[in-house]
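Below is one structure; the comments refer to it alone.
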2 protein chains.
Amino acid sequence: MPKTSRKNGRQRQNAEIRKPEIVKSFYQTILERGFEGASIAKVAARINIHPSLILHYFGNKENLTLELVDYVIEEYDRLLRSVELEGLSPEARLERLLEIIWSREYYEKIHIAGSFSLLAVSFRRPRIQEKIEGLYNAFRRFLAKEIQKAADAGIIEQQDTVRTAARIITLIEGARHFRHLFVEKNECEQYNQDMKAATRMMMQMQ
Amino acid sequence: MPKTSRKNGRQRQNAEIRKPEIVKSFYQTILERGFEGASIAKVAARINIHPSLILHYFGNKENLTLELVDYVIEEYDRLLRSVELEGLSPEARLERLLEIIWSREYYEKIHIAGSFSLLAVSFRRPRIQEKIEGLYNAFRRFLAKEIQKAADAGIIEQQDTVRTAARIITLIEGARHFRHLFVEKNECEQYNQDMKAATRMMMQMQ
DNA sequence: ATTAACTCACTAACCATTCAATTAATTGTT
DNA sequence: AACAATTAATTGAATGGTTAGTGAGTTAAT
């Protein structure tokens, strides 16, 4: 007989562990069934807890949704911060940035279906839209900073870095769309190279 | 007293009128409440009919969804066919194409939130994904044909037109995403001009 | 009289949310 | 080290509303 008698064989967790677990389950459920198809009951069943536990922690579904948006944004933020560019020459630094942005690993990180669901929701919920806008702004600032560095080093021409960053993000977001619908596995490397070349060209524009 | 006594003040329609009306109501309801949030009851209420009438015509919700996808695709197709380029010089023809693609009217035609919803759904439904792929393929062929015409006329270099078309569609789709989240109304014209310039540049690549 | 459009009443499953009960871990006291 | 008190995690049962779908009945047009 075990020291702790439990009903379902799972340990009792504290909020610090359980809350993120619920948020991640919500995300996974959205991937599988869509946003409005992700009910509290399904999110709970996925991690073998009682639906009431979710409401105990989050109060209602709206709060759970807002915490999910935060989670997705943090994941993306972590991804941006993990880009290691320090200590490289300006040329190598720019090259490395392009390599990362157009790598398979990068675009797979934030799953596209989940993004679509959240974007579709954001049209109806100003608070969510604001959060997503903040995410894109951070990305734009990050890119603009790198472009400025390359321009200062004379690798590319001086330009309106914010506008250039906006163009590049447009391409990146478009690629997330398009690649999944369109690009066969054997064409993927070719497509990524095309995108990289297009990005380079955009940096020379103005 | 009216000749036709009716309960709800609406005339009796035939299937030819009623079915598209239902599909359009479904689309509008998705815009407002998301895909899984668009129930048969809400779609019916929106046009003041009984929910059973929808099931009478479509049998079940899956069929209604498939007919919606067809409707969206037809709308997009109509949009492409409405592009009037005949009788123009090769230079003017290319210029006009760019103008249309990056016009406000064009990108507003197929509402983005509905597209997101459908794309998110397509990840979970192969039949819908196939239909959307068909739509993009038609667009790609259309663009490739125009690029070939311009190359034949010597306006742009000879190139792999299908790859170029893919790059341009990537940019267009990315712009649909990005513009809505990002571009303030006063920046919109500037952004569109940037996009047009980027498209032109992509046509010169190889 | 026939056909098609349309409504009504119903079902069983699912929805978010409520509040009270239970169970396990932690803390304080001896 | 033992025990009680407190706190937090978790479940259970019930709420009223919504869901897709069925099948039978009604109404209007031809």
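The values are calculated or read from the model by the stated rules, or taken from the named source; none is laboratory data. Just so we're clear, the structure is a prediction, and the values are computed from it rather than from any experiment. Virtual Cβ from ideal backbone geometry, glycine too; neighbours counted across all protein chains shown.
Quick one: is B:LEU85 out of contact with any Ser or Thr (no Cβ under 6 Å at 6 or more places or on another chain) and more than 14 Å from chain A (Cβ to nearest Cβ)? Against the criterion (out of contact with any Ser or Thr (no Cβ under 6 Å at 6 or more places or on another chain) and more than 14 Å from chain A (Cβ to nearest Cβ)), B:LEU85 qualifies.
Being more than 16 Å from DNA strand C (Cβ to nearest atom) and within 22 Å of A:ARG200 (Cβ to Cβ): is that true of A:SER82 here? It is false that A:SER82 is more than 16 Å from DNA strand C (Cβ to nearest atom) and within 22 Å of A:ARG200 (Cβ to Cβ). When segment B:26-42 is limited to residues that are more than 8 Å from chain A (Cβ to nearest Cβ) and outside any helix (DSSP H, G or I), the one that is surrounded by the most Cβ atoms within 10 Å (Cβ to Cβ) turns out to be B:ALA38. The C-beta contact set for segment B:128-141 (first residue within 7 Å of chain A (Cβ to nearest Cβ) and more than 16 Å from B:SER117 (Cα to Cα), second residue in a helix (DSSP H, G or I) and at pLDDT below 90, distance under 8 angstrom, 6+ apart or interchain) comprises B:TYR136/A:PHE178; B:TYR136/A:LEU181; B:TYR136/A:PHE182.
Among residues of segment B:12-41 that are modelled with pLDDT under 95, those with a Cβ under 8 angstrom from a residue that is within 14 Å of DNA strand C (Cβ to nearest atom) and among the basic types (Lys, Arg), sequence gap 6+ or separate chain, pair up as B:ARG12/B:ARG6; B:GLU36/A:ARG33. If you go through segment A:10-25 and keep only what is surrounded by fewer than 20 Cβ atoms within 10 Å (Cβ to Cβ) and among the hydrophobic types (A, V, I, L, M, F, W, C), you end up with A:ALA15, A:ILE17. Remark: pairs (first residue in segment B:55-72, free of Cβ contacts under 8 Å to residues at least 40 places away in the same chain; second residue part of a helix (DSSP H, G or I); Cβ separation under 8 Å; 6+ apart in sequence or on different chains) = B:LEU55/B:ILE40; B:PHE58/B:LYS19; B:PHE58/B:ILE22; B:PHE58/B:LEU64; B:PHE58/B:GLU67; B:LYS61/B:ILE40.
Okay, residues lined up against (1) out of contact with any strand residue (DSSP E or B) (no Cβ under 9 Å at 6 or more places or on another chain); (2) within 14 Å of chain B (Cβ to nearest Cβ); (3) not in a helix (DSSP H, G or I):
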residue	(1), (2), (3)
A:HIS56	yes, no, no
A:ILE73	yes, yes, no
A:ALA92	yes, no, no
A:TYR107	yes, yes, no
A:ARG124	yes, yes, yes
